[in-house]
């Protein structure tokens, strides 16, 4: 996913936040336009992260990434712009990115 993002000339910067302790501070400081949140890979549930981010900034486009289809409805209730299933499909990924940045 990082490689695909870096190949898109419309995207100026990509940051990866792996540490949940510094997560909210960095989001508040950096104010991302697009955020990908992996569900199931953190001590803090990804849907809760999405809620916290939306509470800080309603304009951020959140895309949840998961191998579980059954979380998609919950993700959209949080305010997700998109939901991608693993393994990621490059065409679907690029299509979603293009809709966000259009």
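Read-outs: derived from the displayed coordinates by stated rules, not from any lab. Remember, it's a predicted structure, so these values are computed and weren't measured experimentally. Every residue, glycine as well, gets a Cβ built from its backbone with ideal geometry; the counts of neighbours run over all protein chains shown.
Numbers for the structure displayed
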{"quantity": "In segment 74-99, residue surrounded by the most Cβ atoms within 10 Å (Cβ to Cβ) [restricted to those that are part of a strand (DSSP E or B) and under 11 Å from the mean Cα position of the chain (by Cα)]", "calculated": "82"}
{"quantity": "Matching residues, segment 55-70, being surrounded by 18 or more Cβ atoms within 10 Å (Cβ to Cβ) and over 18 Å from residue 100 (Cα atoms)", "calculated": "66"}
{"quantity": "When residues of segment 2-54 are limited to those that are part of a loop (DSSP other than H, G, I, E, B) and in contact with a strand residue (DSSP E or B) (Cβ under 7 Å, 6 or more places away or on another chain), the one surrounded by the fewest Cβ atoms within 10 Å (Cβ to Cβ)", "calculated": "40"}
